[in-house]
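What follows is calculated from the coordinates using simple rules that are stated; it is not laboratory data. Computed from a predicted model, the values in this text were never measured in an experiment. Cβ: placed from backbone, ideal geometry, glycine included. Neighbour counts: every protein chain shown.
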Amino acid sequence: MKKILLIIAAALLMNSCGIYSFSGTSIQPDVKSVTIPFAEYKALRVNPSLSNDLTEAMMERFRRMTKLEQVEQDGDLLLEMTITGYDVSATAVTADEVAARNRLTVTVSVNFTNRQHPDNDFSAKSFSAYSDYDSTNSLDSVESTLCKEIIDKLIEDIFNASVAQW
């Protein structure tokens, strides 16, 4: 019984300080809003929907995992993303020197500004994620599935680096 009371007290104490939450974020109590502008696209290879998909996924993550109000400008937090790489490379080669598997890699440069706590800021931090696919498939036929997987990985990493500070 003592252990249970101790665990409950510790949980209430951590939650009441406003710095830790069970969603894994460590957002200070004076941070109330976030601004997430449309992700800029600067990669050489073009995917016309990637900027929008990445931006929407990041906004959705903040809606689900935080209580921050999303504002168009001047948020306490500012998360700016630029897609700098969208590349396909061979990852496995057959004996005939033909690609057996290919890898789609997306790289995103992120600037994170915390107007209330500037010591948490970071600039031009690079995040990269990839997904492999069989070379018998064309990129066009698997691209949307691969991008969804890659975006999920990128969002997790960017979110953790910005507000979970992992």
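Tabulated values for the structure
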quantity: Value of relative contact order over the stretch 30-164, rounded to a whole percent, pairs C-alpha under 8 Å and six or more apart; calculated: 23
quantity: Listed residue (Ser126, Ser162, Thr113) projecting farthest to the positive dipole end of the stretch 96-162, Cβ model; calculated: Thr113
quantity: Placed amide H near Tyr41: partners under 5 Å, 5+ positions off or other chain; calculated: Ile83
quantity: The stretch 23-65 - Rg (one decimal) and Dmax (whole number), Cα, Å; calculated: 13.5, 41
quantity: Debye, to nearest 20: dipole size of the stretch 30-164, +1 on Lys, Arg Cβ, -1 on Asp, Glu Cβ; calculated: 160
quantity: Among 28-40, 73-85, the order from most to least packed when residues are scored by Cβ within 10 Å on average; calculated: 73-85, 28-40
quantity: Gyration tensor (Cα) of the stretch 54-166, equivalent ellipsoid semi-axes in angstrom; calculated: 34, 14, 10
